[in-house]
Structure formats: C-alpha cells, structure tokens
Amino acid sequence: LPALSVRDLRKTYDTRVEALKGVSLDVMPGDFFALLGPNGAGKSTLIGIVSSLVNLSSGQVRVFGTDLLADRGAAMRLIGLVPQEINFNLFEKPLDILVNYAGFYGVPREVALQRAEEELRRAQLWEKATVMSRTLSGGMKRRLMIARAMMTRPQLLILDEPTAGVDIEIRRGMWKTLKEINAAGTTIILTTHYLEEAESLCRNLAIIDRGRIVEQGPMKALLAKL
Ligand code: ADP
Ligand code: ADP
C-alpha cells in the first residue's frame with residue numbers, strides 16, 4: 001500500500017492556469033522522495049492538494065489507502081506539514097511551541113512533553129528548549145518547524161521547498177534532521193529545485209515540468225542517465 005498514491009491529478013486555477021495536467025505517482029512507505037522541478041512547474045500545487053490547502057480539479061489522491069476526498073480528516077491525521085515560511089510565535093519558547101501544537105491536535109500533555117524532548121533532541125535544539133525562539137539562528141528556527149510537524153507522529157512528512165533561500169550550512173543541518181526522521185520510519189516527501197538536495201537525501205524522485213511528470217524512478221537510475 002503506497003504512502004501516497006496520486007492518479008491523473010489535474011488543477012486549473014481560477015486564473016485558468018493549468019498547474020497540473022494529469023499527474024500520477026506513487027510513494028512507498030519509508031521512502032524519502034523528492035519532487036524536483038523548476039519554478040512554476042506545479043510542485044507547490046501538488047503538495048498543496050495533498051495537504052488539503054488547495055482544491056483539486058480532478059483526479060484521485062490516497063494517503064495510506066485513505067481517499068483524500070472521501071475522508072479528509074483521516075488522511076490529514078497521517079500527514080505532517082512543514083511550511084516554507086517561519087510561522088511560530090517568536091516570543092514563545094521552543095518547548096512551549098511544540099507542546100501547545102500537540103495539545104491543539106489532542107495529544108495529552110504528558111505525552112506531548114515526552115515527545116517534545118525527543119523531537120528537540122533530534123533537531124539538535126534540546127539545549128535551546130526554554131530560550132525565547134526569537135533568539136534562535138535561522139537554521140534552528142527551520143529545524144524547530146520540522147520538530148513541530150513531528151509532534152503529531154505523522155506517517156508522512158511533507159515539506160515544500162524546505163531549504164529555499166537558505167545557505168548550505170543551514171541546509172546541511174536540516175538534511176541531518178530529516179535523514180534521522182526518515183531512518184526512524186517516517187516517509188518523507190519534499191519539493192526542491194536543487195538537484196544537489198534531491199541527490200543527497202532521496203532514494204526516489206519525480207521530475208515535474210509545466211504540470212507534467214517527465215521522469216520518475218530511483219535517484220541512482222536517474223543520475224546514471226544524466
Ligand atoms: P512550483 O511550486 O513548482 O514553483 P506552483 O505549483 O507554485 O509551481 O505553480 C504552478 C503554476 O500555477 C504556475 O504557473 C503558477 O503561477 C500557478 N499558480 C500557483 N498558485 C496559483 C494560484 N493560487 N492561483 C493561480 N495560479 C497559481
Ligand atoms: P483554489 O482553486 O485553491 O481556491 P484560487 O485559484 O482561488 O485557488 O487561488 C488562491 C489564491 O492565490 C487567490 O487569492 C489568488 O489570487 C492567489 N494567486 C493567484 N495567482 C497566483 C500565483 N500565480 N501564485 C500564487 N498565488 C496566486
């Protein structure tokens with residue numbers, strides 16, 4: 001059963017832009033999957049549909065077998081989302097940000113506290129648990145976003161251009177955290193326009209261009225072709 005199964009997905013925006021023109025792909029459980037493509041290719045639209053931020057025009061999306069349109073709530077409980085923009089309160093402490101987020105999703109406080117420690121350690125932020133998050137470096141803030149998304153223990157973690165516009169040091173720190181999350185069993189899908197990023201992280205990828213998948217398969221097979 002795929003972690004994500006997309007069939008003949010189409011999206012035409014109100015502006016009549018056809019962002020997706022019939023996209024199909026499968027991502028297997030445990031995979032680290034990249035959706036690679038240039039700006040405007042349709043990556044954010046695809047991720048937006050899967051994470052219920054954008055309405056699809058036609059097609060089918062299943063998350064671990066659950067049809068997104070038939071049971072959005074159940075599908076969403078399986079997904080963790082890392083937004084591109086830093087959107088936590090800079091005047092809260094990392095520990096509180098994580099515990100409150102989990103609380104919002106109904107995780108009991110005792111469980112949330114334990115998870116928060118695990119996630120902060122994994123993101124190399126444990127020693128920063130109780131500082132004002134405003135004082136964190138750019139890389140730390142981004143790793144905190146990843147830690148927060150993991151608080152609901154998603155089966156599938158989705159990141160839309162997680163490292164857009166950040167320098168290589170920050171990217172490497174995020175890659176380390178993501179690799180650990182994937183190694184512990186969470187399926188990860190990220191969009192990127194850096195081949196280097198896809199190469200260093202992902203086992204499988206799809207290349208999307210102007211709303212269509214133009215290549216799909218193992219990273220190794222694709223690199224051999226280039
Ligand atoms: P990518 O993430 O690969 O850069 P997007 O999915 O953001 O690509 O965009 C795909 C196409 O859809 C582009 O032509 C973009 O301008 C257009 N688009 C994206 N979002 C919207 C929107 N909300 N309304 C109208 N057009 C959009
Ligand atoms: P949906 O079909 O998901 O409701 P819409 O087509 O209504 O999406 O667009 C959502 C919002 O994004 C609108 O407010 C629109 O103005 C804005 N938008 C329009 N064009 C773009 C674009 N190229 N990239 C990003 N956002 C856009």
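The values are calculated or read from the model by the stated rules, or taken from the named source; none is laboratory data. Source: prediction; values computed, not measured. For neighbour counting, all protein chains shown are included, and Cβ atoms are generated from backbone atoms with ideal geometry for every residue, glycine included. Please note that ligands, DNA and RNA were not included when accessible areas were found on the heavy atoms of the full protein model with its side chains. Shrake-Rupley method; radii C 1.70, N 1.55, O 1.52, S 1.80 Å.
Taken as a whole, the structure leaves residue 46 outside the set of residues that are within 22 Å of residue 187 (Cα to Cα) and loosely packed, with under 14 Cβ neighbours inside 10 Å.
The set of residues in segment 63-80 being open to solvent by 20 Å² or more (accessible area, probe 1.4 Å) and more than 16 Å from the chain's Cα centre (by Cα) consists of 65, 66, 67, 69, 70, 71, 72, 73, 74. The residues on offer are 57, 44, and the sole one that is touching an Asp or Glu at 6+ places or on another chain (Cβ under 8 Å), polar (S, T, N, Q) and within 13 Å of ligand 2 (Cβ to nearest atom) is 44. Only one of the numbered conditions (1) out of contact with any Pro (no Cβ under 8 Å at 6 or more places or on another chain); (2) in contact (Cβ under 8 Å) with a residue 40 or more places away in the chain; (3) under 28 Å from residue 28 (Cα atoms); (4) open to solvent by 50 Å² or more (accessible area, probe 1.4 Å) is violated by residue 134, and that is (3).
Look at (1) of a type in the set (Lys, Arg); (2) touching a residue at least 24 places away in the same chain (Cβ under 8 Å); (3) farther than 21 Å from residue 53 by Cβ and you find that residue 121 fails only one, number (2). Sub-8 Å Cβ pairs linking a first residue in segment 29-46 that is farther than 12 Å from residue 207 by Cα and of a type in the set (Val, Ile, Thr) to a second residue that is open to solvent by 10 Å² or more (accessible area, probe 1.4 Å) and more than 6 Å from ligand 1 (Cβ to nearest atom), at least 6 apart or interchain, are 45/11; 45/54, ordered by first then second residue. Of the residues that make up segment 192-206, is at least one under 14 Å from the mean Cα position of the chain (by Cα), within 13 Å of ligand 1 (Cβ to nearest atom) and within 17 Å of residue 33 (Cβ to Cβ)? Yes, segment 192-206 has at least one match. Within segment 11-38, being in a loop (DSSP other than H, G, I, E, B) and either away from ligand 1 (no atom under 15 Å from the Cβ) or open to solvent by 70 Å² or more (accessible area, probe 1.4 Å) (or both) holds for 13, 14, 15, 16, 17, 28, 29, 30, 31. The residue of segment 43-56 that is farthest from the chain's Cα centre (by Cα), among those that are more than 12 Å from ligand 1 (Cβ to nearest atom) and small (Gly, Ala, Ser), is 52.
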